[in-house]
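The values are calculated or read from the model by the stated rules, or taken from the named source; none is laboratory data. Quick caveat: nothing in here was measured; it's all calculated off a predicted structure. In this analysis, Cβ positions are derived from the backbone assuming ideal geometry, glycine residues included, and neighbour counts consider all displayed protein chains. To get the accessible areas, we keep the full protein, side chains included, count just its heavy atoms, and leave off ligands, DNA and RNA. Shrake-Rupley method; radii C 1.70, N 1.55, O 1.52, S 1.80 Å.
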Amino acid sequence: MRRHVLQATGLAMAAAVALTGCGGSGEVADAEESVATEAAFPRTVEHAMGTTDIPARPERVVVLDTGELDSVLSLGVTPVGAVTTAVSQAFLSYLAEGAADVEVVGTIAEPNLEAIAALQPDLILSNKVRHEDLYAQLSQLAPTVFAERVGAVWKDNFALAAEALGLEDEAAAAMADYERAAAALGESLGDPAGTTVSPLRFVAGTIRSYQPASFIGTVLADIGLRQVELPTGEVPTFAELSAEELTTADADIVLHSSYGPAGDSGATAVLGGPLWPRLEAVQNDRAYPVEDDVFFTGIGLTAATLIVEDLAEQLA
């Protein structure tokens, strides 16, 4: 269980008392909010690598995975540094505007420790899956908080980032808004549980059929749609199919994307091949191309919200 320690200073409490005797109610409310903000720190956050003391509200945050970048931007925090994926030297398209002023500090696979140190961060956010081996070095640069896993646990990771930033209330409100929108979309579909959906991603000549234990799987579950389930290997998030096995992933609705150029990923060959037209979803005009950055590479509240918005348009 994650925990935090809240310590209010005597000075802050005295300031609040003094301010109640002057000014209007708006000034009092602002003062109380400021006191509450300061009282939230220092705090101790428990996470995948142990516990981390965060002395003051972070102002110079560095994030080292797409999920963490999505989380902080969703909370209205612009980090000073972030990494990109291996397939692109830019931030994911759906985060590009919010991250326009963020400095690139390497890729997910190879964060640049010197570039991170130069930014003088006061908080580093990542996860054990990507950077367990770098935790000790990162912790020497700034208080560092790691999530345990990635993907289907994105809601827990969002809450952890919010705790480290002192923005738990904002996170709860934003998550509630998303969950209401997802439920509303499901209700608008009439019987979503009776509709099957198959998220397909073309990657380096193979077809990945994403399963319920994936990020996109959790969003579809929040909407109420039923995924086509296929046996997976060591990676529980997707089943890897050859072009000849395409029809095993057929469904009422097919969502498909290409990781990188369509010619390189295999998308061009499959969509122009003999089995694609045989899919029921294709025959019924219910096979929809979707943005890979959002549906498959993206992880987090902003990506989930955009998926719900996109599907509301596609499935209307």
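What does the C-alpha gyration tensor say about the overall shape of the stretch 116-235? Classify as rounded when a/c is under 1.5, otherwise prolate if a/b is larger than b/c, or oblate. Judged from the Cα gyration tensor, the stretch 116-235 comes out oblate (a/c at least 1.5, b/c at or above a/b). Counting only DSSP beta bridges with both residues in the chain, the antiparallel share comes to about 40 percent.
What the phi angles of the stretch 133-144 give under the Karplus curve with 6.51, -1.76 and 1.60, with θ = phi - 60°, is a coupling list of 5, 9, 4, 4, 5, 5, 5, 6, 8, 5, x, 10 Hz, glycine and proline written as x.
Counted by Cβ distance under 15 Å from Thr268, the other residues give a net charge of -1, where Lys and Arg count +1 and Asp and Glu count -1. Quote to one decimal, in nm, the extra length available between Arg278 and Ala176 on full extension: 0.36 nm per residue of separation minus the C-alpha distance between them. Stretched out fully, the Arg278 to Ala176 stretch lengthens by 32.7 nm. When the scattering of the chain is computed by the Debye formula from its Cα atoms alone, each counted once and equally, what is log10 I(q)/I(0) at q = 0.10, 0.13, 0.14, 0.15 Å⁻¹? Normalising to I(0) and taking log10 leaves -0.64, -0.97, -1.08, -1.19. Dipole of the chain computed with +1 at Lys/Arg Cβ and -1 at Asp/Glu Cβ about the Cα centre; of Thr107, Val72, Tyr288, farthest Cα towards the positive end is Thr107. Placing +1 on the Cβ of every Lys and Arg and -1 on the Cβ of every Asp and Glu, with no other charges, gives the stretch 162-316 a dipole of roughly 520 debye about its Cα centre. Over the chain, DSSP H runs of length four or greater, each weighted -39,500 (n - 2.57), average out per residue to a 222 nm ellipticity of -11000 deg cm²/dmol.
Can you tell me how the stretch 157-316 classifies by the Cα gyration tensor, rounded, prolate or oblate, using a/c under 1.5 as the rounded cut? Prolate, since a/c reaches 1.5 and a/b exceeds b/c. In the stretch 248-316, the inverse of the mean reciprocal separation of distinct Cα atoms equals 13.0 Å; this is its Kirkwood hydrodynamic radius. Once the C-beta distance of Ala183 and Thr247 is scaled by a Förster radius of 25 Å, the resulting FRET efficiency is 0.20 to the nearest 0.05. A convex hull fitted to the Cα coordinates of the stretch 188-271 yields 94 cubic angstrom per residue.
The fraction of accessible area contributed by carbon and sulfur in the chain is 52 percent, rounded to a whole number (1.4 Å probe; ligands and nucleic acids excluded). Ranking Thr218, Thr268 from most to least accessible surface, computed with a 1.4 Å probe over the protein chains only, gives Thr268, Thr218. Report the charge-dipole magnitude of the stretch 175-254 in Debye, nearest 20, computed about the Cα centre from +1 at each Lys and Arg Cβ and -1 at each Asp and Glu Cβ. Computed about the Cα centre, the dipole is about 140 debye.
Model label sites at Asn112 and Ala86, defined 7 Å from Cα along the beta-carbon direction, differ in position by 1.9 nm. From most to least packed by mean Cβ count within 10 Å, the peptides 132-138, 271-277 give 132-138, 271-277.
Close amide-amide hydrogen proximity is noted between Thr107 and Thr84, Asn112, each under 5 Å apart and 5 or more residues distant or on a separate chain (H modeled in the peptide plane; Pro and chain starts excluded).
Among the protein heavy atoms, those of Thr305 account for about 50 Å² of accessible surface (1.4 Å probe, every chain in place).
What FRET efficiency comes out for the pair Ala56/Gln314, r = Cβ-Cβ distance, R0 = 35 Å, nearest 0.05? Show your work: numbers first, answer last.
Details: r = 45 Å, r/R0 = 1.27.
The computed FRET efficiency comes out at 0.20.
Placing Arg201, Arg180 in order of accessible area, with the largest value first and a 1.4 Å probe, yields Arg180, Arg201. Per-residue surface analysis assigns Val282 an accessible area of about 40 Å², computed on protein heavy atoms at 1.4 Å probe radius. Heavy-atom accessible surface of the chain, averaged per residue, reaches 47 Å², computed with a 1.4 Å probe. Taking the Cα centre of the chain as reference, the dipole from Cβ charges on Lys and Arg (+1) and Asp and Glu (-1) amounts to some 480 debye. In this structure the amide hydrogen of Thr206, modeled in the peptide plane, comes within under 5 Å of no amide hydrogen from residues 5 or more places off or on another chain.
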